[in-house]
Structures are given as C-alpha cells and as structure tokens.
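Peer 1: Can you keep this structure in mind? I'll have questions shortly.
FYI, it's all coordinate maths here, none of it is from the lab. Given the structure is predicted, the values throughout are model-derived calculations rather than measurements. Note: ideal-geometry Cβ built from the backbone for every residue, glycine included; neighbour counts use all protein chains shown.
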Amino acid sequence: MTDWYYARGGQQHGPVSFEQLQHLVRTGGIDPAVDSVWNSTMSGWKLAGEMRELFDAPAHPQPVASGGANPYAAPQSRWDDPSYASTIGLAEIVPGSQPIDAMECVRRGFDLTKRYYLNIFLIGLVYFICVSGPGFIWGIIDMMITVATSREQGGPVEPGAVRIVLSMFVQIILQVFSIFLQLGLVRVGLNLVSGREVSVGMLFGEGSKLLRAIGASLLFGIAFMIGILLLIFPGIYIAMRYGQFLTAIVDRDLGVIAAFEYSSTLTENSRVNLFVLALLSFLIVMAGMLACFIGLIFAGPVVWLAGIVAYRWMQYGSDAVRDQPGTETPMLAG
C-alpha cells in the first residue's frame, strides 16, 4: 500500500492511506484548493483539487497499522509524530519550498562554532581519540607481531592467512565503531543547531540505531561507488539526494528505506545548493590545512555544523539559521 503525505498550513503530515486521504478531503481536513498531496510515485507535490481520484468514491478512514506486535518491525516512519513537533520551535515547511542558501549555512556554522567552541572542542577531542585511538593501538600491535615473526624466521615474511583474516576482522570492528560514533556526533550537531544541551556522553547514546545505520551506510556506499564509476556525475547526484540518510536516522528514528525516502523528499530543490555547500566546505577545509593544519581545529566544526544547518533549513526553512530577536537562542529552540 502506498503511503500518502499532505501539506496543510505550511506543515507536512503523514503517512496516511489513500482512504484516509479521501476522508480528510471529504470532511474538510484538507482544502482541495490550497493543500497539497504527495506519494513516492509522484514527481512532485500536487494540489489536492487536481487529484480527481480523491473525489471518486466514498471512503472511510483506516486505522494506521502498528508494528508493536512484531519485535523485528522497523520503527514507524511518522514524519509528523508529535514527539518531533514538540521539540522544535518552528513548523515544518513543505519539502523544497525553501531551497537552502549555501553561504548562509556556512555563516551560521561559523557563528555557532564561535558560540559553542569550548564544548565543540571538548567533544571533538573525545571523538578524535575514540576514532583514531583503537586503530593506532592495533597498528602498534600489528607492527610488533611483524617484528617478532621476522626475528623468528630470520627475515621479512609474508603475513599468513590467519593474520590476514584477523586484520580484516579488526578493520570491520573499527568501521562499525566509527559509525556508532558518527551517530552520536550527529546527535550532538542537531542539538547544537537547535539550541539544546550537549555533552560528551551523547557520542555514545545512539546505539539503538547502529544496525540500521550500518545497513544504510552499506547501501549508500555501494550506490555511490556505482554512480562514481558511471562517469562520476551519477555518484554526485546520489550523494546530494540521499546523503541525509544518517542524519534522518538519528533525528527521526527512521528505518533504512524510510531514511532514504525522507532524504530524497527533503532535498528536493536543494540538491544543486547542497553541491555548492560541499564545494564551499572543501575550500574551507583546504584553507584550514594551509594554516599548518591548525586551522582545521576551527574549519572542521564550521563545515560539520554547516551541513547540520542545511538539514534543519530543509526541514524548517530559513528561520532555522536565525536566533530569536535580541538573544543568542536559535529560533529552532522555541
């Protein structure tokens, strides 16, 4: 069954069934002349009044199915869940109605980095140690094994099958741990941009989403590599369209497919600007590297937060980059 979404009063609602959509039209819950509807088979949003099938036959609302009875069911991908709406001070916009401004996102990232730099530096330091530390330790252990083996054999030796398998296993574990930390880092970024409290402990607080993140990362990586092999441009398009999947998993607790669908919808009319933002981010990082790499301590957070700001902009519009008048409290904080 196809899930439908509708936009009313500048806010997006759904998913609902087709029968529920018909019921909303007939009972005044949707204004055919003003409100828009969409599903994954459509190229874009349409006015409800243009969808004649909504008026063809009487319909009765159907209850929304729950996955609660199935312990293996993916989380419900409700974009209008009250738990999301109650934590943000702005109303969601219709996807694509306010394309992002890459320069404004960078500017906001710069301002937030200055404002919260001490917290960002502390959390970033812990993140860097956790990401690089295990790999560094394994590198030392591997080198010690190599030296010991060479001494026993009286010269350089090729690594055996057991050692190769062990190295591959360790690399997989390190990659999984890296994804785990990325989830926590995304949560920290979302909280910073939204004017909420952050802590080092948040880096380790998104473990419930790890399996979904691993599956989605594998699918995205395969699709991206295939796209790059097909003359590069398809890979760039895939990255711009579906690249928000990890943030969506953290922000909305979505399943793998739902996260890709959400990213695809969210980035509508902003994909070119996201590419511009990626280019600006690259230039900022290069500038940081030219400053004897010390500049990366500041450039890295700016680029990171600019990407999170772009995500919030696509959800809540240009007000996502503004503070409440006369304060340093983001409008996202409510």
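Peer 1: If each DSSP helix of 4+ residues adds -39,500 (n - 2.57) and the sum is divided by the residues in the chain, what number results at 222 nm, nearest 500 deg cm²/dmol?
Peer 2: About -19000 deg cm²/dmol.
Peer 1: If you don't mind, another one. Using only the alpha carbons of the chain, determine the length spanned along each of the three principal axes and report them from longest to shortest in whole angstroms.
Peer 2: So the three principal-axis extents are 86, 50, 41 Å.
Peer 1: For the chain, what is the charge dipole size about the Cα centre, in debye to the nearest 20, if Lys and Arg each add +1 at the Cβ and Asp and Glu each add -1 at the Cβ?
Peer 2: 560
Peer 1: Something else about it: Looking at the chain, identify the longest residue range that excludes and avoids all GluC sites (Glu not before Pro) in DSSP loops having at most 14 other Cβ atoms within 10 Å.
Peer 2: No qualifying site falls inside 1-196, the longest such stretch.
Peer 1: For R8, list long-range residues whose amide hydrogen, built 1.01 Å from N in the peptide plane, is under 5 Å from its own amide hydrogen.
Peer 2: H13
Peer 1: Given that compact globular proteins tend to follow 2.2 N^0.38 Å, what is the ratio of the alpha-carbon Rg of the stretch 96-236 to that value? Kindly include the intermediate steps, with their values, before the conclusion.
Peer 2: Values: Rg = 20.6 Å, N = 141, 2.2 N^0.38 = 14.4 Å.
In units of the 2.2 N^0.38 Å rule of thumb, it is 1.43.
Peer 1: Return one number: the angle in degrees, 0 to 90 and rounded to the nearest 10, between the long axis of the Cα atoms of helix 18-27 and the longest principal axis of the Cα atoms of the chain.
Peer 2: It works out to around 40 degrees.
Peer 1: For I172, I30, what ranking results if the residue with the fewest other Cβ atoms within 10 Å of its Cβ goes first?
Peer 2: I172, I30
Peer 1: Would you kindly state how much longer the chain becomes between L166 and L231 on full extension, computed as 0.36 nm times their sequence separation minus their alpha carbon distance, in nm to one decimal?
Peer 2: Full-extension gain reported as 19.9 nm.
Peer 1: Which of S264, F136, G207 sits farthest toward the positive end of the charge dipole of the chain, with +1 on the Cβ of Lys and Arg and -1 on the Cβ of Asp and Glu?
Peer 2: Farthest along the dipole direction, towards plus: F136.
Peer 1: Would you mind working out the magnitude of the charge dipole of the stretch 221-334 relative to its Cα centre, with +1 at each Lys and Arg C-beta and -1 at each Asp and Glu C-beta, to the nearest 20 Debye?
Peer 2: 240
Peer 1: Follow-up. Roughly what angle does helix 161-193 make with the longest principal axis of the chain, taking Cα atoms, 0 to 90 degrees, to the nearest 10?
Peer 2: 50
Peer 1: A further question follows. Please report, to two decimal places, log10 I(q)/I(0) for the stretch 165-237 at q = 0.22 Å⁻¹ as given by the Debye formula with identical point scatterers on the Cα atoms and no solvent.
Peer 2: -0.95
Peer 1: Can you compute the FRET efficiency between I294 and M103 using 1/(1 + (r/R0)^6), with r the Cβ-Cβ distance and R0 = 22 Å? Round to the nearest 0.05.
Peer 2: With R0 = 22 Å, the Cβ-Cβ based efficiency is 0.35.
Peer 1: For the residues K209, K114, what sequence is obtained by ranking on other C-beta atoms within 10 Å, fewest first? Display every interim value, and only then the final one.
Peer 2: Values: K209 24, K114 12.
Least to most surrounded, the residues fall as K114, K209.
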